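One structure is given below, encoded as structure tokens.
The values are calculated or read from the model by the stated rules, or taken from the named source; none is laboratory data. All values derive from a computational prediction rather than experimental measurement. Every residue, glycine as well, gets a Cβ built from its backbone with ideal geometry; the counts of neighbours run over all protein chains shown. All accessible areas refer to the heavy atoms of the entire protein, side chains included, with ligands and DNA or RNA removed. Shrake-Rupley method; radii C 1.70, N 1.55, O 1.52, S 1.80 Å.
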Amino acid sequence: MPAFSHSTSPATTTVAIPPSLALPVIEAAFPRQLHPYWPRLQEETRGWLLEKRLMSADKVAEYADGLCYTDLMAGYYLGAPDGVLQAIADFSAWFFVWDDRHDRDIVHGRPVAWRQLRGRLHAALDAPGRHLRHRDPLVAGFADSVLRLYSFLGRRWNARFARHFHMVIEAYNREFRNRTTGTVPKVEEYLELRRLTFAHWIWTDLLEPSAGCELPTVVRKNPAFRRAALLSQEFAALYNDLCSLPKEIAGDEVHNLGISLIQHEGLTLEEAITEVRGRVEGSVLEFLAAEQTALRFAESLDDGSVRGREISVAVHHCLGNMRNWFSSVYWFHHESGRYMVDNWDDGSTPPYVNNEAAGEK
């Protein structure tokens with residue numbers, strides 16, 4: 001297996017986590033690690049955001065590092081070749097910029113602009129080479145990052161990634177409709193939607209190029225492997241909801257597990273926070289149990305053949321990085337300027353949003 005780095009971000013030892021959001025089990029059982037390429041990753045992603053006009057020069061200089069987008073990926077895909085990690089980090093940065101555009105299109109009531117963007121992203125996903133020079137920086141940046149991701153494994157993996165991301169785009173469209181109509185989805189409907197808007201299976205797919213191996217379908221769909229993958233991603237989405245619940249209630253947001261619980265289950269705010277936190281903690285404990293089952297499955301794949309050994313090593317690598325996702329997500333929420341709304345001059349407008357990339361001239 002590739003060696004993992006045990007270096008940590010300088011911010012890790014100084015950030016203060018509110019008691020209501022602190023998870024001692026994460027801090028104790030999921031030690032934080034960062035890929036040794038991380039400092040260069042920061043530099044290259046800053047340059048890519050600037051080159052693709054996804055952030056203006058002044059906003060890159062002032063905000064890019066503080067948003068910690070590269071920290072999030074460098075704490076997740078350990079052992080990945082530098083070029084793979086760079087492509088993933090740039091794609092992740094693009095994803096956050098896209099999320100901001102989606103939000104601004106909703107806030108400013110631009111359904112036509114959103115519909116056009118939705119169609120263009122679907123087209124760029126299927127033929128990224130044709131969209132590298134698109135006039136919309138968001139489309140061109142997406143095409144560039146997708147084309148790079150498509151270069152690592154093969155057609156089957158590419159087709160799967162595309163299929164999964166088409167679903168993400170459509171989930172964002174459902175979220176657009178919900179927010180513009182003030183519709184709060186019911187709990188189970190919300191959880192299903194959240195798995196798509198949080199791109200659970202995209203980040204899981206990207207474990208494979210990080211391991212340098214496309215996993216056979218029978219391995220990916222094995223219940224032990226799939227459950228560990230899902231719990232890893234569920235933690236991320238649930239913890240995000242826990243951290244953002246009070247602000248999203250104040251901002252009339254409709255997509256948060258706590259809001260669904262309040263609206264459809266009749267819980268008070270305090271009860272909803274308790275319920276969401278319980279689910280967060282439960283996902284951690286369930287992962288620890290699922291991880292052991294998945295590790296035994298990984299061991300069983302080594303049947304003495306070269307291919308069996310290769311697949312076993314790759315699955316171990318993927319499981320190790322599923323584990324890394326817990327600490328990376330946890331610290332990201334307390335270090336990234338993306339969540340420091342109380343420090344913004346205008347709580348409704350992120351200071352790091354680039355007007356052009358957000359569709360605002």
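Here are some notes:
- Taking the Cα atoms of region 151-261, the ratio Rg/Rh between the radius of gyration and the Kirkwood radius comes to 1.03.
- Between residue 99 and residue 62, the simple spin-label model (points 7 angstrom out along Cα→Cβ) gives 2.2 nm.
- In region 190-277, Cα pairs under 8 Å separated by at least six residues give a relative contact order of 28 percent.
- Our coupling estimate for region 39-45, obtained by passing each phi through the Karplus curve with A = 6.51, B = -1.76, C = 1.60 and θ = phi - 60°, is x, 5, 4, 4, 4, 5, 5 Hz, Gly and Pro reported as x.
- Inter-part distance where region 155-189 and region 132-154 are each reduced to a Cα centre, Å: 20
- Checking every one of the trypsin sites (Lys or Arg not before Pro) in region 76-176 against DSSP loop status and a limit of 16 other Cβ atoms within 10 Å picks out 133, 135.
- Relative contact order (%) - criterion: Cα under 8 Å, at least six apart; region: the chain: 25
- Rounded percent of accessible protein surface that carbon and sulfur make up, the chain, 1.4 Å probe: 53
- In terms of overall dimensions, region 1-151 has a Cα radius of gyration and Dmax of 17.4, 50 angstrom.
- List 88, 273, ordered by accessible area with a 1.4 Å probe, largest first: 273, 88
- Accessible area per residue for region 41-121, computed on protein heavy atoms with a 1.4 Å probe, is 34 Å².
- Gaussian network model of the chain, Cα within-10 Å springs - most flexible of 204, 70, 181: 181
- Rounded if a/c under 1.5, otherwise prolate or oblate - region 227-272, Cα gyration tensor axes: prolate
- Counting Cα-Cα pairs of region 17-94 in 10 Å increments starting at 0 gives whole-percent bin shares of 19, 42, 27, 12, 0.
- Evaluating 6.51 cos²θ - 1.76 cosθ + 1.60 at θ = phi - 60° for every residue in region 267-280, the Karplus couplings come out as 6, 6, 4, 5, 5, 5, 4, 4, 5, 5, 4, x, 5, 4 Hz, glycine and proline recorded as x.
- Note on the chain: with charges restricted to the Cβ of Lys and Arg (+1) and Asp and Glu (-1), its dipole about the Cα centre is near 1380 debye.
- Scattering curve values for region 210-346, log₁₀ I(q)/I(0), Debye with Cα scatterers, q = 0.11 Å⁻¹: -0.53
- Residue-wise HN-Hα couplings along region 149-156, as the Karplus relation 6.51 cos²θ - 1.76 cosθ + 1.60 with θ = phi - 60° gives them from phi, are 5, 6, 8, 8, 10, x, 4, 5 Hz; Gly and Pro carry x.
- Expressed in Å, the radius of gyration and Dmax of the Cα atoms of region 63-129 are 14.7, 43.
- The slack in the chain from residue 305 to residue 115, taken as 0.36 nm per residue of separation less the alpha-carbon distance, amounts to 63.4 nm.
- Cα pair distances exceeding 34 angstrom across the chain, given as percent: 23
- Residue 162/residue 188 FRET efficiency (R0 30 Å; Cβ-Cβ; nearest 0.05): 0.65
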